[in-house]
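Written out below as structure tokens is the structure these notes cover.
The values are calculated or read from the model by the stated rules, or taken from the named source; none is laboratory data. Remember, predicted model here, so these are calculated numbers, not experimental data. When we count neighbours, we look across all protein chains shown, and the Cβ atoms used for this are built from the backbone with ideal geometry, even at glycine.
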Ligand SMILES: [Zn+2]
Ligand SMILES: [Zn+2]
């Protein structure tokens, strides 16, 4: 993949990964400025807020989540093309940009003391059939970056027990039902407090189902962390 990307760079001039304009950098200065970390958010559902940080907002008032905290580093808008390239094309360039963005945003997150208490960073796993085809789990890459930064070990704790429809292909209601019963815990040594990572959070249904599975197996506190909140 690296060799291929280098060859392509020689044939085609470099482009900004987000807007596609000619750019010497992976992100042009304009996109770089536009991509902003989430500064204020609801720590219960990771919804970006105009001001202040609260645990509970209008978006989650009627929801009953299995996880305890949900945080997001960026808004999905402004980052959608980078994320698409990162997720579906396993691009080294996009992964480099994503890694930099994660490291830039992590220190600004609220609840640093809560994060530091986690014993393990884990991630939403891919079904083996998807992994076989795509060979890259974006959630795992993000989890490993977070793990390095927080100096908390990264471990795979969950496995997919069924191949579900992709969440992006479903409506809101279907998205909530789709992940039901699709995870199992694969360790006998489940930590009490853990960080559960995914790439993009939209309905939080996948994170909720994974958190429910972890809680049923004995986890006490699940802190969800996503790169982007749609
Ligand atoms: Zn750009
Ligand atoms: Zn909320």
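Please specify each residue of segment 23-69 satisfying the condition of being assigned to a loop (DSSP other than H, G, I, E, B), over 19 Å from residue 109 (Cα atoms) and away from ligand 2 (no atom under 11 Å from the Cβ).
Answer for segment 23-69, where residues must be assigned to a loop (DSSP other than H, G, I, E, B), over 19 Å from residue 109 (Cα atoms) and away from ligand 2 (no atom under 11 Å from the Cβ): 23, 24, 25, 26, 27, 28, 64, 66.
From 207, 214, 196, which residue is under 11 Å from the mean Cα position of the chain (by Cα), part of a helix (DSSP H, G or I) and in the same structural domain as residue 178 (by TED's automatic domain parsing)?
Just one listed residue meets the conditions, 207.
Between a residue in segment 56-81 that is more than 19 Å from residue 227 (Cα to Cα) and any residue that is surrounded by fewer than 18 Cβ atoms within 10 Å (Cβ to Cβ), which pairs come within a Cβ distance under 7 Å, given they are 6 or more apart or on different chains?
Filtered contacts from segment 56-81: 57/49; 66/215.
For segment 80-90, which residues satisfy the criterion of being in contact with a helix residue (DSSP H, G or I) (Cβ under 8 Å, 6 or more places away or on another chain) and not in a helix (DSSP H, G or I)?
90
Could you run through segment 14-26 and say how many residues are under 20 Å from the mean Cα position of the chain (by Cα) and near ligand 1 (Cβ under 6 Å from one of its atoms)?
Residues in segment 14-26 being under 20 Å from the mean Cα position of the chain (by Cα) and near ligand 1 (Cβ under 6 Å from one of its atoms): 1 in total.
Taking helices (runs of 4 or more DSSP H) that fall entirely within segment 91-186, which contain at least 3 residues that are crowded, with 19+ Cβ neighbours inside 10 Å and in contact (Cβ under 8 Å) with a residue 24 or more places away in the chain?
It comes to 92-106, 138-150.
Based on what the data block shows, is residue 50 assigned by TED's automatic domain parsing to the domain that holds residue 111 and within 16 Å of ligand 1 (Cβ to nearest atom)?
Criteria not met by residue 50.
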